[in-house]
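As C-alpha cells, the structure follows; a few thoughts come after it.
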Amino acid sequence: MNIRYSFLLCEGVQNDKYYRDNTKKQCCACYACVNACPKKCISMFKSSSGSLYPHIDHSACISCGKCTDVCAALNNVQANEPKTVYAAYSKEEAVRKASTSGGLATEIATYIVSSGGVVYGAAMVDMEVKHIRVTSIENIAKIQGSKYVHSHMHDVYKQLKADVAQGILVAFIGTPCQVAAVVCYLKSVPKNLYLVDILCHGVSSLDCFLNGIKLETKEEISSVSFRDGNKYCLK
C-alpha cells in the first residue's frame, strides 16, 4: 500500500494496524483533503477518542491524488524564521476587554474588513468551534477571544480560494497547521492574502471539550469563555 494514500485511509483500513497507527499521528484534521476531493468522497470520521480523521468512500474514489496533493502533513510547506518581533495591543479599551490576548487579531480583522476585504477566523457557533467567513465589522466579535478547541474547517478552503481569485483582500487567522494547509491548498501565497498563525501547543477535540462541560454541570450551555482577562479559567 502506498504510504501517501494510506494516510487518508486512517479509519478505513481496519486490517492494517501499522499504517493506521502511524499515519494518524500526523493528521491535524485540517479538512484540506475534504475540500480538494472532486468526487466529494472524503468525510471526517470521529474516532473513539473524539478526534477527527479523513475517511475515503472507495466506491466513489477515482484515485486522482488531489487529496494527498493538498495535505500539509505529506508535503513540505516552506517555513520562515521571525524577522522582527513586536509586542502590541489594541488602543481601544472596549476591544481589549472583549478579547483575551490584547485584541490584536480584532484590529487586524477590522482593518481588513474596513478595506473591503474578508476575514476567516475561529468562532463558537452552537457550541461548535469552526472557522467562519467575516465580511462586516459587526461580525468580527464572533471570532474574538481564545478558543482552546480544534476548529472545524468544513468548506472554508473553497470559499477562501474563490475570494483570493477575485482579488479580494483576505486574512486567515488560525493555528500553524491550518495556515500550512491553506498554503498547500492554494499552492502559493498571493499578495492579497494575509496569513496569521497563532502560537499553539496543541488543541483538544470538540468531544473532549463538550464531555468536560458535562462533568462540571448538567445545565444547558449556550456560550463559553476560555479566558477571563489574565485568568485562565473556563466560564
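The values are calculated or read from the model by the stated rules, or taken from the named source; none is laboratory data. This structure is a prediction, so every number in the text was calculated from the model and none was measured. Glycine gets a Cβ as well: all are built from the backbone with ideal geometry, and neighbour counts include every protein chain shown. For the accessible areas, the whole protein counts, side chains as well, though only heavy atoms, and no ligand, DNA or RNA atoms are used. Shrake-Rupley method; radii C 1.70, N 1.55, O 1.52, S 1.80 Å.
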Looking at (1) crowded, with 17+ Cβ neighbours inside 10 Å; (2) closer than 18 Å to Gly174 by Cβ, find the lone condition where Ser90 falls short. (2)
The stretch 82-107 residues that are farther than 16 Å from Leu199 by Cα, paired with ones that are among the basic types (Lys, Arg) (beta carbon under 6 Å, 6 or more apart): Ser90/Arg96
Every residue from the stretch 128-169 that is hydroxyl-bearing (Ser, Thr, Tyr), farther than 17 Å from Val224 by Cα and in contact (Cβ under 8 Å) with a residue 24 or more places away in the chain: Tyr157
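Examine the stretch 196-203 for a residue that is of a type outside the set (Phe, Trp, Tyr) and farther than 28 Å from Val164 by Cβ, and state whether such a residue exists. Walk me through it before giving the result.
Residues of the stretch 196-203 of a type outside the set (Phe, Trp, Tyr): 196-203.
When the remaining residues are screened for being farther than 28 Å from Val164 by Cβ, the result is 201-202.
Looking for residues that are of a type outside the set (Phe, Trp, Tyr) and farther than 28 Å from Val164 by Cβ, one finds at least one in the stretch 196-203, hence yes.
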If you go through the stretch 94-126 one residue at a time, how many are over 22 Å from the mean Cα position of the chain (by Cα) and either closer than 27 Å to Ser205 by Cβ or not in a helix (DSSP H, G or I) (or both)? 2
Residue selected from the stretch 150-176 under the condition surrounded by fewer than 21 Cβ atoms within 10 Å (Cβ to Cβ) and under 13 Å from the mean Cα position of the chain (by Cα), by the criterion nearest to Leu210 (Cα to Cα): His152
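If the requirement is being closer than 19 Å to Val129 by Cα, without any contact (Cβ under 8 Å) to a residue 12 or more places away in the chain and open to solvent by 20 Å² or more (accessible area, probe 1.4 Å), which of these qualifies: Leu199, Leu206?
Among Leu199, Leu206, only Leu199 is closer than 19 Å to Val129 by Cα, without any contact (Cβ under 8 Å) to a residue 12 or more places away in the chain and open to solvent by 20 Å² or more (accessible area, probe 1.4 Å).
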Considering each of Lys83, Lys91 in turn, give the residue that is closer than 26 Å to Ile143 by Cα, of a type outside the set (Ser, Thr, Tyr) and assigned to a loop (DSSP other than H, G, I, E, B). Lys91
Checklist (1) open to solvent by 60 Å² or more (accessible area, probe 1.4 Å); (2) of a type in the set (Val, Ile, Thr); (3) touching a helix residue (DSSP H, G or I) at 6+ places or on another chain (Cβ under 9 Å) applied to Val85, failing item: (3)
Spot the failing condition for Lys142; the list is (1) open to solvent by less than 80 Å² (accessible area, probe 1.4 Å); (2) of a type in the set (D, E, K, R); (3) not in a strand (DSSP E or B), and only one is missed. (1)
Which one of Val189, Val164, Val182, Val196 is assigned to a loop (DSSP other than H, G, I, E, B) and either among the charged types (D, E, K, R) or in contact with a helix residue (DSSP H, G or I) (Cβ under 9 Å, 6 or more places away or on another chain) (or both)? Val189
